[in-house]
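What follows draws every value from the coordinates through simple rules; no lab data is involved. These numbers come from a predicted model, not from an experiment. As a convention, Cβ positions derive from the backbone with ideal geometry for all residues, glycine included, and neighbour counts pool all protein chains shown.
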Amino acid sequence: MKFPVFSALAAQILSVSAGTVLWDGRFNEFSASTDLNNWSWGNQVGPYQYYIHGASAVTSYVNLSPDFRNPADSGSKQGAKITLDNTAYWNGQNMRRTELIPQTTAAINKGKVFYHFSLMRKDTNAPALTREHQIAFFESHFTELKSGWQSGAAGVSDPLLRWCIGGQTKWSTNWDAGVWHNVAYEIDFSANTVGFWHSTGSNPLTQTIAPVSASVSSNGADWHVGVLELPRDGYPDSNEDYFWSGVYIESGSLTTSVAGPGAAPVPGSSSSSSSISQTPTSTPTSTPTLSPSTLVTSTTKSHSAPVSSTSAASCSVAQYAQCGGNGFSGCKSCAAPYTCKFSNDWYSQCL
Ligand SMILES: *[C@@H]1O[C@H](CO)[C@@H](O)[C@H](O)[C@H]1NC(C)=O
């Protein structure tokens, strides 16, 4: 009599997830974005660190709604709209930034892991094509998405959404409005490689770029779910919205279904999640549409302002602003009377 019960349970467990979820950033336990305020340096609770943002209320920068998720992502109750407005300057920096960082002690920076998220833009509050945006990046920028005109490139604007390794574009596509881009970074912290899984809409992820060598590094608290925009003279701030869905990190084998781990099976589908054996045989399905000169000049991987404005010896950093850390190439001297205080390998601050 017990066997059918056990069998149904086992089947359900098997269909739940292909890998092991190390960290879940899908906002399923959030009643509203104001729950992000639960976190502080003194009380590090919840799935996200929330400190890289402008001075306005959280609802100016992050909002949650079922309308903001990929409709195919049935494992998520809601998605996040992450916004840059004209107040979105963090700590006196000249870059607009709204970023969430995983709050976890799980081994998200060891062995082979998959960083999942889906990203969409709309025509309303579209990310500017004329400024560089760094999206879903690590502090050292060993891998990230980018959009818009790339700092140092020729021309004025750029319609591409790119996947980059160390600032070099490895894949790109036109970033059209209303299209969900489903992504998994396949990061191997032992082999120092990163591969790129991608699909659009409700399609399962496929390995679009087989793992390539990268300067992989993370302290486990430096994946920025959100966006950083570099300044550019003559191009004023516009309001920008970025929609996020299905943010989680898993180990083991990859969940290719956009429904994600724990999702109810999609009616008519034999399985909502499927495990893919790791046979990196694919070749790039799309090559960057970059001129050689652009390739040479678009390698700026620091998320600091363009070098010309940060290399002067006479620079000074305001109180609370960043003055050091791995991958940081901005100004390192603090305005009097503040001094540059080490916080961790990735972050020092003028205090
Ligand atoms: C934030 O704190 C409130 C009040 O303690 C709690 O009800 C809520 O579940 C917390 N949110 C998250 C995401 O942990």
Listed residue pairs exceeding 32 Å between alpha carbons, taken from 77/112; 77/110; 77/341; 122/170: 77/341
Per residue convex hull volume, Cα atoms of region 310-351, in Å³: 51 Å³
Charge dipole (debye, nearest 20) of region 116-188; +1 at Cβ of Lys and Arg, -1 at Cβ of Asp and Glu: 180 debye
Inter-site label distance for residue 202 and residue 56 at 7 Å from Cα along Cβ, in nm: 3.5 nm
Three-way shape call for region 142-188 based on the alpha-carbon gyration tensor, with the a/c threshold at 1.5: oblate
Gain in span if fully extended, residue 343 to residue 37, counting 0.36 nm per residue against the direct Cα distance: 108.0 nm
Kirkwood-based Rg to Rh ratio, region 186-231, C-alpha trace: 1.05
